[in-house]
Every structure is written in C-alpha cells, then in structure tokens.
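Working notes, beginning with the structure itself.
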Amino acid sequence: MSTGTRRLELEEVGDVTVAKFTDKKILDEGNIQIIGNQLFALIEEDGRQKIVLDFSNVEYLSSAALGKLITMDKKVKAAKGKLRLCAIRPDIYEVFAITKLNKLFDMKDTLEAALAGL
Amino acid sequence: MAHIAQFDVWIPNDTAEAREVQERIVSLMEQNAWPMRDCFGVRLALEEALVNAIKHGNRMEPDKKVHVACELSIDEITVVIEDQGEGFKLTEVPDPTEDDNLEKPGGRGIMLIRSFMNGFGYNDKGNRLTMSKKLGVANEE
C-alpha cells in the first residue's frame with residue numbers, strides 16, 4: 001500500500017469491495033498517483049476480484065484520472081476480476097461518453113445497481 | 001462586446017500554479033453568474049490545456065513558463081495558453097476513441113477541450129492554444 005493520505009474509503013459488501021473516492025476533484029497528478037496505487041493494491045496485494053468504484057463524491061476529474069481508471073480496468077481483467085463504476089453525476093458521465101469510455105467500463109447509476117449480480 | 005474582465009499572466013511551469021489561474025478564471029465566471037455547466041466545461045478544458053502546456057509543451061522543465069491570457073465578456077470567454085516548447089502537430093495526435101486506442105491510458109485531453117469549448121485552435125507552431133466558450137451554448141461536436 002502506498003504512503004500518503006487515503007483517497008479511497010473501502011467497504012466490504014459480501015464478496016465485493018466498494019471503493020468510494022473521497023476527493024471532490026480528481027485532477028492533481030500526485031493525488032491521481034496515490035489513488036492509482038491504492039486501487040492497484042486492491043487487486044495486486046489484497047487479491048480482491050470484485051470491485052465497485054463509487055463516484056458519488058466526485059465533481060471533477062481530468063483525463064489523467066481516466067488514464068488511471070483504464071489501467072485499473074486492465075489489471076482487473078488480467079486478474080479475471082470484475083470492475084463496475086457507479087453514482088457518476090451527469091457532467092462526469094459526459095466526460096466518459098465523449099471519450100467513448102462508457103463502452104469500455106461497466107457503469108451503473110447507483111451503488112445498489114452496481115452490487116446487483118456482480 | 002465590452003470586457004467584464006481581462007488579464008494575462010506568466011506562470012512557472014508548475015501544475016499547482018496552473019490550478020490557481022484555473023481557479024481565478026472559473027471564479028470570474030461564477031461571479032458573473034455563468035451556468036454551472038459552462039463553468040464545469042471551462043474548468044476541465046483549462047485543466048487539460050494547462051497540463052498539456054506544462055507536461056508535453058514545456059516537458060516539465062522548471063525554467064520554462066506558461067503564458068495565460070483571459071478575456072471575459074458578458075456572453076463569451078476566451079483563453080489563450082502559450083508554452084515555451086517546440087510545439088506539435090494536431091494532426092499527429094491519435095484519436096483516443098478508435099478501437100485500437102480505447103484502452104490506452106493517454107491522449108484524451110485535447111478531445112475533451114474540443115468537446116467542451118466552442119472555439120479551439122493552435123498556432124502553426126503548435127505551442128499556443130486559443131479556446132473560447134459562449135455562454136450557455138453547447139458544442140455540436
């Protein structure tokens with residue numbers, strides 16, 4: 001696990017790990033690096049296979065954050081795990097839609113919907 | 001159209017400094033009652049453009065600077081961002097939405113700027129971006 005402030009709140013729901021972003025803005029490269037390290041550790045160190053990323057706190061994110069999420073998606077797939085994104089507000093969803101990443105990621109409106117059938 | 005606000009500034013090649021300018025510009029928009037959606041788009045475009053200038057243009061070199069000029073009128077905002085790098089050709093930037101590129105982590109910044117702003121263009125050298133946004137006008141792209 002990386003050093004630095006925790007950027008994710010983790011909760012176990014059955015066999016699913018819910019990782020909730022604590023930042024409103026995911027912009028700064030240093031923060032994105034910390035978030036990335038914490039996300040990757042879930043797969044690579046803790047061996048979690050079912051992960052839901054909860055965006056309910058997130059008001060802004062940049063393309064640098066998108067890059068980290070893409071790498072996370074690859075790592076989950078390589079570990080034969082499952083990744084879902086949820087509770088993304090419309091402005092942020094538009095960022096995913098413009099870049100067509102809504103085709104790459106499994107995205108649900110709510111946490112409940114993301115947990116269902118994962 | 002008369003300007004409500006106008007400023008230009010040279011900033012060090014540092015993303016924290018860039019974010020302060022970003023905040024200054026978005027605050028000007030908020031003070032003048034621009035819609036939240038416009039503020040969101042301009043903030044994102046500024047973030048992407050300034051990071052591009054610092055990281056790709058000036059290649060993170062600490063002795064280089066970035067020039068930011070901003071003009072705000074009642075219904076339009078224009079921002080010009082110039083770095084001291086060698087520039088690039090827009091046509092050589094791969095399309096991140098192509099199937100082969102979709103899973104690559106980089107290359108989305110310019111696409112987001114183009115989508116959220118109404119006006120977008122680089123100088124011939126490729127080190128100066130001029131971008132503009134009209135109040136309440138979504139991009140057709």
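Just one of (1) open to solvent by 50 Å² or more (accessible area, probe 1.4 Å); (2) in a helix (DSSP H, G or I) trips up A:K103, so point out which.
A:K103 satisfies every listed condition except (2).
What residue, of B:P62, B:P105, is touching a Ser or Thr at 6+ places or on another chain (Cβ under 8 Å) and closer than 22 Å to A:E29 by Cα?
Going through B:P62, B:P105 in turn, the sole match is B:P105.
Whether any residue in the range B:120-130 is within 14 Å of chain A (Cβ to nearest Cβ) and part of a loop (DSSP other than H, G, I, E, B) is what I want to check.
No, every residue in the range B:120-130 fails to be within 14 Å of chain A (Cβ to nearest Cβ) and part of a loop (DSSP other than H, G, I, E, B).
I need the full set of residues from the range A:1-57 which are of a type in the set (F, W, Y) and either open to solvent by 50 Å² or more (accessible area, probe 1.4 Å) or not in a loop (DSSP other than H, G, I, E, B) (or both), in order please.
A:F21, A:F40
Any residue that is surrounded by 14 or more Cβ atoms within 10 Å (Cβ to Cβ) and under 13 Å from the mean Cα position of the chain (by Cα) - is there at least one of those in the range B:82-94?
Yes: the range B:82-94 contains one or more residues that are surrounded by 14 or more Cβ atoms within 10 Å (Cβ to Cβ) and under 13 Å from the mean Cα position of the chain (by Cα).
Tell me which of these B:G107 doesn't satisfy, since it passes every other one: (1) open to solvent by 60 Å² or more (accessible area, probe 1.4 Å); (2) outside any helix (DSSP H, G or I).
Evaluating B:G107 over (1) open to solvent by 60 Å² or more (accessible area, probe 1.4 Å); (2) outside any helix (DSSP H, G or I) leaves (1) as the failure.
The values are calculated or read from the model by the stated rules, or taken from the named source; none is laboratory data. What you see is a predicted model, and the numbers here were worked out from it, not measured in a lab. As a convention, Cβ positions derive from the backbone with ideal geometry for all residues, glycine included, and neighbour counts pool all protein chains shown. We work out accessible area using only protein heavy atoms, side chains counted, and drop any ligands, DNA or RNA first. Shrake-Rupley method; radii C 1.70, N 1.55, O 1.52, S 1.80 Å.
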